[in-house]
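Can you keep this structure in mind? I'll have questions shortly.
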Amino acid sequence: MSDLNTDAIVVRRTNLGEADRLIDFLTPQGRITALAKSVRKEKSRLAGGVEMFCVSNVVLHTSEKTGRTVITSAKLKKFYKNILADFNALETASEIIKQIARASSQIDNAEYFFQLKQSLETLDKGADPNLVKAWFYLNFARAQGEQINLLTDYDGEKLSPEETYVWDISENVLKKSASGPISADEIKIMRLMITSPLTLILKIKNVDQFTPDILYIAKTINQL
């Protein structure tokens, strides 16, 4: 048997038989699917560590013979309970988990764990859900190789702090426009979003006023 002791976040749970459950985790090592035996029984010691909207420490055993991974220990580290009390936060957290669950089932990326963890932490602390989504979707696209071009415009010219821009949906690029809503402020914040933790972005003064245009761009890149 090979063992892995790691932090993990549940992104999907599937009931099996009368008491078992198949758990899909995000971990710093990537996505892992493991069997939680008898977890749906009333006195299961695993149940509290395999809930949604939590970070848990899990021990996973993988049989070299069968390749099956089984959860032998699951201890709750952090439960983001405030998310459950706020409809907008819950909706945003669920949306992010759904997107990561879909993407990681096709192409795994260990970065997804850290993106999800930061998103849950800040939503739990009452951050603006739209700001969290803007940060997440920019970094989610980057993790999939779709990083936004924040260096040059539609004509290949260097982005200027003296110009304003519109977002060209068909080309996924900024285009000069005298009445465009994208200014140097939005560009600067987007550059920070793809290079900095979410906690730093939350400290930017009046950042919420720039969120709608940035979120629109971020979702367009992800074709949402």
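FYI, it's all coordinate maths here, none of it is from the lab. Everything numeric in this text was worked out from a predicted model, so none of it was measured. Virtual Cβ from ideal backbone geometry, glycine too; neighbours counted across all protein chains shown.
Mind listing the phi-derived Karplus ³J(HN,Hα) values for region 207-220, rounded to whole Hz, using 6.51, -1.76 and 1.60 with θ = phi - 60°, and x for any glycine or proline?
Rounded to whole hertz, the list is 5, 4, 5, 9, 4, x, 5, 5, 4, 4, 5, 4, 6, 5.
Hey, what did the chain get for relative contact order, percent, Cα under 8 Å, at least 6 apart?
15
Region 43-92: which chymotrypsin sites (Phe, Trp or Tyr not before Pro) are DSSP loop and have at most 14 other beta-carbon atoms within 10 angstrom?
none
Another question, if that's okay. Taking the Cα centre of the chain as origin, sum charge times position over the Cβ atoms of Lys and Arg (+1) and Asp and Glu (-1), and report the length of that vector in debye to the nearest 20.
1220
Could you work out the local net charge near Leu192, counting Lys and Arg as +1, Asp and Glu as -1, over the other residues with Cβ closer than 12 Å to its Cβ?
Spelling it out: positives minus negatives among the neighbours equals +1.
Take the Cα radius of gyration of the chain and divide it by 2.2 N^0.38 Å, with N its residue count; two decimals is plenty.
Computed over Cα atoms of the chain, the ratio equals 1.17.
Further, regarding this structure: Could you state the angle between the C-alpha long axis of helix 129-143 and the longest principal axis of the C-alpha atoms of the chain, as a value from 0 to 90 degrees rounded to the nearest 10?
The answer is roughly 90 degrees.
Okay, moving on. For Arg12, enumerate residues with amide H under 5 Å from its amide H, sequence gap 5+ or separate chain, H modeled in the peptide plane.
For Arg12, the qualifying residues are Asp24.
What distance in nm separates the simple spin-label points at Asn15 and Asn172, each placed 7 Å from Cα in the Cβ direction?
So the two model labels end up 4.0 nm from each other.
Shifting gears a bit: What trypsin sites (Lys or Arg not before Pro) in region 36-110 are in a loop by DSSP, with at most 13 other Cβ atoms within 10 Å of the Cβ?
Here the trypsin sites (Lys or Arg not before Pro) that fit, given the DSSP loop and packing criteria, are Lys41, Lys43, Arg45, Lys65, Arg68.
Out of residues 5 or more away from Gly180 or on other chains, whose amide H comes under 5 Å of its own, with H placed 1.01 Å from N in the peptide plane?
Under 5 Å from the amide H of Gly180: Tyr165.
Can you tell me the convex hull volume per residue for region 30-122, based on C-alpha atoms, in Å³ to the nearest whole number?
Taking the convex hull of the Cα positions in region 30-122, it is 112 Å³ per residue.
What is the sum of charges around Arg12, taking Lys and Arg as +1, Asp and Glu as -1, for the other residues whose C-beta is under 13 Å from the C-beta of Arg12?
Net of charged neighbours comes to +3.
Rounded to the nearest 10 degrees, what's the angle between the helix 111-124 long axis and the longest principal axis of the chain, both from Cα atoms, 0 to 90?
Its long axis makes an angle of about 80 degrees.
Follow-up. Once both axes come from the Cα atoms, what is the angle between helix 184-193 and the longest principal axis of the chain, in degrees from 0 to 90, rounded to 10?
The answer is roughly 20 degrees.
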